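Q: Before anything else, here's the structure in question.
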Amino acid sequence: MQRFCDLVLRAASPMVPYDLRRDWLREWRAEFAYAASRAERLGRGLPIAAVPRAFGAVVHAAWLRWDRWRVEMIIQDIKHALRSLGRKPSFATVVILTLAIGIGGTTAIFGAVNAVLLRPLPYPEPEALMRVYKTTVDNPDRLGGTVSPPDYVDYRRDNSVFSETAATLTGSYALTGFGAAERIPTALVSGGFFDVMGTRPAIGRAITTADDPIGSRDVVVLSHALWARRFGSNPGIVGQPLVLDGKPYEVIGVMPAGFQYPLRSEMWVPLRFSAEDLQAQRGAHYIDVLGRLKPGVPLERAREDLRGVAARLARDFPRTNRDTSASVHPLRESLVGSVRQSMFVLLGAVGLVLL
């Protein structure tokens with residue numbers, strides 16, 4: 001056993017870096033000694049106990065050599081590159097600027113691509129969030145087209161694929177009475193909006209269908225950012241009145257940090273339709289419609305279902321709905337639209353600059 005140990009260690013030790021060789025020999029002699037004593041206690045043959053240790057010693061020696069060689073090669077490459085760049089300062093400047101532009105551009109564009117295209121939307125079960133568009137029978141899958149209030153009411157009542165639907169409209173209100181007057185980006189939303197988005201207020205309550213009827217009290221939900229910026233994160237703001245466009249509104253809730261839809265909205269107020277609106281505005285397309293798919297409902301079934309509703313409306317209201325249809329698209333797709341291809345092209349372009 002001792003002769004076999006010495007033979008293996010003499011053969012493998014030249015691969016070990018010189019400054020590590022003494023410790024390496026001491027460790028592996030101890031390994032072989034332990035293997036010999038264990039084999040003697042168990043009554044096994046010494047070669048059987050020694051072979052795994054021999055193989056391990058050779059592999060360990062080779063790995064130490066490779067690890068040292070790799071570090072030395074990296075250091076040599078860096079020194080060589082610095083010497084080369086120092087001899088040609090103009091070339092070095094071009095290299096450094098190219099790397100800076102490539103790395104900076106790639107990082108910036110990838111950050112945008114990740115935020116817009118790769119990262120999930122910041123809402124519960126975002127894959128179930130859909131946008132409904134008014135389209136034509138000639139181009140039923142078109143991405144775009146707002147909906148009239150009466151059509152929205154029919155879509156909401158007659159569809160069988162959404163657990164909840166909501167209508168939205170963007171605008172702005174002048175906030176007065178709390179410091180300097182400021183025009184705040186505001187979303188007008190129907191009562192099912194926060195159920196569609198699957199997000200509840202951090203404090204207070206959300207706008208519900210009970211707030212939809214004309215004549216209900218005017219209420220407002222604040223974004224977390226507006227609550228912090230204008231009201232000092234005071235939880236006592238809930239229940240307090242605000243003056244928006246000269247009318248009093250009661251604050252009923254504050255949304256969690258990070259919630260924002262439609263984009264840039266900092267307040268949400270009820271979107272209301274009178275009976276006259278639902279009679280006279282069949283051809284007035286100006287609201288956006290959202291829906292949350294029921295569990296297990298595929299996108300194609302949702303499209304067929306809404307097209308069926310749209311076909312009935314085209315028959316019932318030929319003057320305003322002739323040759324019209326409906327399209328359903330994932331909310332992410334509706335937000336990104338044609339930007340997807342452009343952003344990937346930009347990412348590829350800055351990646352080529354870096355390469």
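Q: Probe radius 1.4 Å, ligands and nucleic acids ignored: give me the carbon and sulfur share of the accessible area of the chain as a rounded percent. Could the numbers behind the result be given before it?
A: Working: 11730 of 19530 Å².
Solvent-exposed carbon and sulfur of the chain make up 60 percent of the total.
Q: To the nearest 20 debye, what is the magnitude of the charge dipole of region 96-201 about its Cα centre, counting +1 on the Cβ of each Lys and Arg and -1 on the Cβ of each Asp and Glu?
A: Details: 8 positive and 10 negative charges, 58 e Å.
My answer is approximately 280 debye.
Q: With everything on Cα atoms, drop me the angle between helix 299-316 and the longest principal axis of the chain, reported from 0 to 90° to the nearest 10.
A: Relative to the chain, helix 299-316 is tipped by roughly 10 degrees.
Q: Also, I was wondering about something else. Is the C-alpha gyration tensor of region 270-355 telling us rounded, prolate or oblate? Criteria: a/c under 1.5 is rounded; beyond that, a/b larger than b/c is prolate, otherwise oblate.
A: Working: a/c = 2.64, a/b = 2.18, b/c = 1.21.
It comes out prolate by the Cα gyration axes.
Q: In addition: At 1.4 Å probe size, with every protein chain present, just tell me what the per residue accessible area of the chain comes to in Å².
A: Numbers: 19530 Å² over 355 residues.
Per residue, the chain has an accessible area of 55 Å².
Q: Say R0 is 41 Å: what FRET efficiency, to the nearest 0.05, do residue 99 and residue 136 get from their beta-carbon distance? Intermediate values should be presented prior to the final figure.
A: Numbers: r = 51 Å, r/R0 = 1.24.
The formula returns an efficiency of 0.20 here.
Q: Taking 0.36 nm per residue of separation and subtracting the Cα-Cα distance, what length does fully extending residue 69 through residue 21 add?
A: Values: separation 48, 0.36 × 48 = 17.28 nm, distance 1.50 nm.
Stretched fully, the residue 69-residue 21 segment lengthens by 15.8 nm.
Q: Mind checking which lysines have their C-alpha under 19 Å from residue 88, skipping anything on the same chain fewer than 8 residues away?
A: Hits, sequence-local ones excluded: 79.
Q: What is region 129-179 by shape, rounded, prolate or oblate, if you read a ≥ b ≥ c off the alpha carbon gyration tensor as root eigenvalues and call it rounded for a/c under 1.5, prolate for a/b larger than b/c, and oblate otherwise?
A: Working: a/c = 2.93, a/b = 1.94, b/c = 1.51.
Because a/c hits 1.5 or more and a/b exceeds b/c, region 129-179 counts as prolate.
Q: Can you tell me which lysines have their Cα less than 22 Å from the Cα of residue 294? Leave out same-chain residues fewer than eight positions away.
A: List returned: 134.
Q: Between residue 257 and residue 275, what is 0.36 nm times their sequence separation minus the Cα-Cα distance? Round to one decimal in nm.
A: Stretched fully, the residue 257-residue 275 segment lengthens by 2.8 nm.
Q: Additional query: Cα axis of helix 18-42 to longest principal axis of the chain: angle in degrees, 0 to 90, nearest 10?
A: Tilt relative to the chain: about 80 degrees.
Q: Also, quick follow-up: Express in % the proportion of alpha carbon pairs of the chain at distances exceeding 26 Å.
A: Numbers: 42755 of 62835 pairs.
Beyond 26 Å sits 68 percent of the P(r) for the chain.
Q: Against the longest alpha carbon principal axis of the chain, how many degrees, from 0 to 90 and to the nearest 10, is the axis of helix 339-354 turned?
A: Helix 339-354 sits at roughly 30 degrees to that axis.
Q: Below 13 angstrom from the Cβ of residue 62, what's the summed charge of the other residues (Lys, Arg +1; Asp, Glu -1)? Let's see the in-between values first.
A: On the way: positive: 65, 68, 70; negative: 67.
After counting each charged neighbour, the total is +2.
The values are calculated or read from the model by the stated rules, or taken from the named source; none is laboratory data. Just so you know, these numbers come straight off a predicted model, no measurement behind them. Cβ atoms come from the backbone with ideal geometry, glycine included; neighbour counts cover every protein chain shown. Areas reflect the complete protein model, heavy atoms only, side chains present, ligands, DNA and RNA absent. Shrake-Rupley method; radii C 1.70, N 1.55, O 1.52, S 1.80 Å.
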